[in-house]
Amino acid sequence: MTARSQMEISIEDLSRLFAQHVPHGQDIGMQMDAPSADGRTRMHIPPQPFLSGDASANFFFPGVLFSMADAACGMAVFRALGRYVPIATIDMRIDHLAPATMDADLVALAECYRMTQSIAFVRCELLCGPQLKVVSIAVGTFMLQSRSAKKPDINRQDTRQQ
Amino acid sequence: MSSTNDQDILDPQITRDRVVATLQAMPYARHLGIRLLAEPADSTVFHLPFDGRIIGNPTLPAIHGGVVATFMQAAALASTYALMREDVPPKLVDFSIDYLSSAGPTDLFAKCEMHRVGQRIASVGIRCWQKNSDALVALARAHMFVAPSASDASVMEAF
């Protein structure tokens, strides 16, 4: 997969893309990080009281975890493709193994584990607390929009485009 | 005294008041401005007024999928809590969403259907739409844990 890693969209480009173009990400303080040691797409959200789901602000609202899982999975698709294309979430499921405590940054580690010509399969772990415990797991699928699939010149080494 | 029986005897106005109180008690739902639609007064339709900060794709533009999910989760949590006799907030165990179309820059609406409310688990279906309630933006299903658990403050104190 040397060809793919050489074409990979840079983390700087992704961060810029994300920071400048996603108002919701700015609103809740989502930030792109460098990929994790095992190559997964990493993002984080610092805790803020308005992001909580309980009056005493002990836990993140589950939707905040969902937003970051969705965003991190989308970024993982861009990285796997090596370029930016319009994508749409088809479906996503999240399991909450434990409440997400607000005593440290909430971290997302996402990967695209299978890519076809039109569909990307993604999964994401959400970690929190000082020990970075896995609290939620999200699994989903994205559709790669047909508009981008008709541009074989951009990604010629990928034979599936022909 | 099963929760299912409670559901049958609850007055619509009491349910509405409890739903509103639950939404107010969730800081992030309050931040987004999730509310209950005033009409029809005998039903519980949730409403998220559009705001520029909930955009996820400025090119289309479209509301962020995470906000749509959050809105539906808050609706499911509030609808479930409104049926609980005990003062134990329901906890989201899992949530599964199908996106049927992208959500444009207008208000979102949602309605919940309680598929089953048991002693420990509630299964809730949520529909979300924008201008036309027949053209769904997303369809979701949530499972809530509705019995006291170790992460409740009251239960923690007991240990």
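Just so it is clear, none of the values below were taken in a lab; they were calculated from the coordinates. Remember, predicted model here, so these are calculated numbers, not experimental data. Cβ placement follows ideal geometry from the backbone for every residue including glycine, while neighbour counts extend to all protein chains displayed.
Observations on the model:
- A viscosity of 0.692 mPa s and a temperature of 37 °C, combined with the Kirkwood radius over Cα pairs in Stokes-Einstein, give a translational diffusion coefficient for region B:27-131 of 226 µm²/s.
- Length gained on full extension, A:Ala57 to A:Gln26: 9.1 nm, using 0.36 nm per residue less the C-alpha separation.
- Taking region A:2-161 and dividing mean pair separation by its residue count, relative contact order in percent (alpha carbons under 8 Å, at least six apart): 21
- A Förster radius of 30 Å combined with the Cβ-Cβ distance from B:Glu39 to B:Asp134 puts the calculated FRET efficiency at roughly 0.95.
- Angstrom value of the Kirkwood radius, inverse mean 1/r, which spans all Cα pairs in the protein assembly as shown: 20.2
- Centroid-to-centroid separation of region A:57-104 and region B:43-60 [C-alpha atoms, Å]: 18
- Helix B:12-24 and the longest principal axis of the C-alpha atoms of chain B enclose an angle of approximately 70°.
- A Förster radius of 30 Å combined with the Cβ-Cβ distance from B:Asp87 to A:Leu132 puts the calculated FRET efficiency at roughly 0.40.
- Solvent-free Debye scattering, log10 I(q)/I(0), computed from the Cα coordinates of region A:2-161 at q = 0.14, 0.19 Å⁻¹: -0.68, -1.17
- For region B:37-159: relative contact order, % (alpha-carbon pairs under 8 angstrom, 6 or more apart): 26
- Using the rule -39500 (n - 2.57) for each DSSP H run of four or more residues, divided by the residues of chain B, the 222 nm mean residue ellipticity is -9000 deg cm²/dmol.
- In degrees, nearest ten, helix B:65-81 long axis to first principal axis of chain B (Cα): 30
- For region B:63-93 versus region A:106-125, the spacing of their alpha-carbon centroids is 26 Å.
- Placing a label point 7 Å from the Cα of A:Arg16 along the Cα-to-Cβ direction, the residues of region A:80-121 whose backbone N falls under 15 Å of that point are A:83-84.
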